[in-house]
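None of the figures in this text is laboratory data; all of them are computed from the coordinates on show. Since this is a predicted model, take the numbers as computed values, not measurements. As a convention, Cβ positions derive from the backbone with ideal geometry for all residues, glycine included, and neighbour counts pool all protein chains shown.
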Amino acid sequence: MQNKTFRIRGMHCASCASIIERTVKKIDGVEYISVNNGTENAKISFDKSKTNPDDFNKKLEPLGYSLIFPAVQPLKKTEKYMELKDMRNKLFSLIPIVLVSIFVMGWDLLAQFKITPEMSAMWSDFFHYLLPILATYTLFVVGKSYLLGLYRFFRYGKANMDTLIGLGTGVAFLYSFIVSAFGESLKSFINVNQSYYDVSIVVIAFITLGKYLEARSKLKTGDAIEKLLNLQAKTALVVKDGKEVEIPIEQVVHGDIIIVKPGAKIPVDGIIVEGSSFIDEAMVTGESMPVEKKVGDSVVSGTINTTGSFTFKATKIGSETLLAHIVKMVEEAQGSKAPIQALADKISGIFVPIVLGIAVVTLGLWLLIGTQYLGFSQAFSFGLVSFVGILVIACPCALGLATPTAIIVGVGKGAKNGILIKDAAILEKLHKVDTVIVDKTGTITKGKPTLVDIQNLSTWQVDKFISVLASLENKSEHPIAHAIINYTKEKSINTVDVSNFESIKGKGIKGTLDGTEYFAGNAKLMQDLGVMFDVSQIEKFTAQGKTPVLLATKEKVLGFVMVADEIKAESKQAVNDLHKLGIKVIMVTGDDEKTAKYMAKLVGIDDVLAHVLPEDKLIKIKELQKEGHIVAMAGDGVNDAPALAQADVGIAMATGTDVAIESAGITLLGGDISKLVKAIKLSKMTMLGIKQNLFWAFIYNLIGIPIAAGLLYPIWGFMLNPMIAGAAMAFSSVSVVSNSLRLKTKKISGIE
């Protein structure tokens, strides 16, 4: 058995996913298939001795779909942009055609109710010849895919939403063409004064608009795997026969001795055998401060060597590396099927046959029963009008627009406020979220070390104290030194050159300034110097997760500063606002437990899970989901990518890596967590708009279909003309779009 993931070309709706699943599942040797409409992926488990991907495509290609393999090679964005551009061009070409059609339709409708006079014979003849031409272009050029959907329905018995659109518009066009061509012959049987070309035009125009909006909103999805793969080093500097040789990473084998120079990516996982350095492991741990590595310590692929050179022995290569595992976790999490897709599959699976069945039964009842009371001619006329009316009024234009229009408005409103939302499924989940998991670094905190406390124990002014300390640190490459130097730059404090500089490994630094030897480092350095210092002075700071840097001479300690990853100003209020919404907040971090709990207490977080790896974050989310919670994960860094993908809603801070942003459903620009609260409230507002849209879309069908079938004729003698059915259908689309646009001006909790 083989388990493979394939990308799918040609899929554009939930019913497409259902068709692909049913078709491939029938192939001998296929054990399991799951199609995800959101990611346009198919996971297939099959016996390679019985079948293969070529067999799948032989069955799918006649239906308009094809599998692309390998799956890790995404469709080129240029191809997607070309498709979108083609849709946009067709949509723009329909604008004048739709305006003409609505003008004619409106005039006829108003004239029928004696609001306006009848159209003059000259204009009536002009539009009589113009509309068929416009409708032919609309149906056979812009609406070609809908006709293909209808063709595949008759040829293969596979129906998707395109089928019903093609059926409704096709019948309206065919009926109109027959009336136009054989009007004199049919005059005694049916009303030949009314054609429905405008119905075909308006329906296709609105459906095309809906598809364009949907395509535009999905354009920038699915790049997470590609971004992760780009983090991998392409080559490795390996020692071969005493010489340094640069080889492709694919040629690295277990036990190879690899040299890593400053600024280089570590190509594979391994253990340091010579040298030391500070490694930026933000992509693994999410923590901003580079970690010191020495002989015997492990290093992982994709991390970056910041200072110094070292040599390590390769222990894990290829698919064994941590980065490869992260890639796999993201792929699996993104490829899983959302529950909402199953509901969409069921609806799309029964909608077309039910509507078609109602239309056929209605025509049959008119011929069977109506003939007895009205005669065949009148019964056939009413039956045909009802048949066309049902197909036209039931055309799912409003249903197709209900979600994308509201989503586009919601997404635009969010973007204006620095909240980027990926798709409708994210909004559907976001307003239901009851648990938010946050990473510490870059989410609750600023994500970079800063100087947060100064304790000047000397007789100097504070600026002089900092100047001496920074002058020493100017010579150091340690990340803590950078925090101190940055502080002097912000405060415009001058530094001077230091002589006799020396790094004291694992303890600090020393140097001479104006004839005096100064030392900067940790408490262990002070102890070695024999300088008296009360360690209790810094214990309260270290308990808060802060790192002390002491400045001293050989005689005394002059003072100390504290460096820490500072809490964002907005974090406490954001957590408080989440609590007001009834949402529990959990902090999951790779940092020290003492530091994590202290940070959590400061901002009011409910629970803390410290010392975690990417796998632990993923496991925690899965546990909460099994308990029935709807989980949102907020974080940055590649280490958060699997968790962001697994969470019901992944929220990336824009200060993090591109991978985290691509893996997430929501991106908060500027890394402002307070925008998460706004995003949830925006989700509630947008989802309310979607529900209103869907209500009106369904209510038109629930009320319109029985009326189109002639339900009111026995009571009041009223028959719904297909023109009115077309107008109702068009109005349903306009009302849905108008309701969505109304959200644009609606204010909600600080979002405008």
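The relative contact order of segment 538-656, computed from alpha carbon pairs under 8 Å that lie at least 6 residues apart in sequence, is 17 percent. Scalar couplings 3J(HN,Hα) for segment 104-115, obtained by applying the Karplus form with A = 6.51, B = -1.76, C = 1.60 to θ = phi - 60°, are 5, 4, x, 4, 4, 5, 5, 5, 4, 9, 6, 7 Hz; x denotes Gly and Pro.
Only Lys, Arg, Asp and Glu carry charge here, each on its Cβ (+1 for the first two, -1 for the last two); on that basis segment 584-639 has a dipole of about 140 debye about its Cα centre.
Between LYS313 and ILE619, the C-beta separation translates, for a Förster distance of 25 Å, into a calculated FRET efficiency of about 0.25. Computing FRET efficiency as 1/(1 + (r/R0)^6) for LYS448 and THR745, where r is the C-beta to C-beta distance and R0 is 35 Å, gives about 0.35. Quick one: if the Förster radius is 45 Å, what FRET efficiency do HIS611 and PHE140 give, using the C-beta to C-beta distance and rounding to 0.05? Calculated transfer efficiency: 0.10.
Here the Karplus relation 6.51 cos²θ - 1.76 cosθ + 1.60, evaluated at θ = phi - 60°, turns the backbone of segment 562-579 into coupling constants of 10, 10, 7, 7, 6, 5, 5, 4, 8, 4, 4, 5, 5, 5, 4, 5, 5, 4 Hz, with x for every Gly and Pro.
Ranked by the mean number of other Cβ atoms within 10 Å of their residues, highest first, the peptides 485-492, 677-684 fall in the order 677-684, 485-492.
Length gained on full extension, ILE699 to VAL253, computed as 0.36 nm times the residue gap minus the Cα-Cα distance: 154.0 nm. Taking amide H as placed 1.01 Å from N in the peptide plane, LEU720 has its amide H under 5 Å from the amide H of GLY710, each at least 5 places away in sequence or on another chain. Between the amide H of LEU609 and those of MET587, VAL588, THR589, distances stay under 5 Å, these residues lying 5 or more places away or on another chain, with hydrogens modeled in the peptide plane.
The slack between SER492 and LEU688, meaning 0.36 nm per residue of separation minus the straight C-alpha distance, is 65.3 nm. Label zone of ASN193 (point 7 Å out along Cα→Cβ, amide N under 18 Å): in segment 117-141 this covers 117-129. When peptides 241-254, 144-157 are sorted by average Cβ neighbour count within 10 Å, with the highest value leading, the order is 144-157, 241-254. For ALA634, the amide hydrogen comes within under 5 Å of the amide hydrogens of ILE437, VAL438, ASP439, ILE651, counting only partners 5 or more places away or on other chains and with H modelled in the peptide plane.
Distance distribution note for segment 109-202: the fraction of Cα pairs above 23 angstrom is 36%. Once the other residues with Cβ under 12 Å from the Cβ of GLN2 are scored (Lys, Arg +1; Asp, Glu -1), what is the net sum? My count for the surroundings of GLN2 gives +2. Taking 0.36 nm per residue of sequence separation and removing the Cα-Cα distance, the LYS554/ILE95 pair yields an extension gain of 156.9 nm. Spin-label pair SER298-ASP534: with each label point 7 Å from Cα along the Cα-Cβ axis, the two points sit 4.3 nm from one another.
The three principal axes of the Cα atoms in segment 562-643 give end-to-end lengths of 40, 30, 20 Å, sorted in falling order. The simple spin-label model puts a point 7 Å past each Cα toward its Cβ; for ASN576 and MET119 those points are separated by 6.5 nm.
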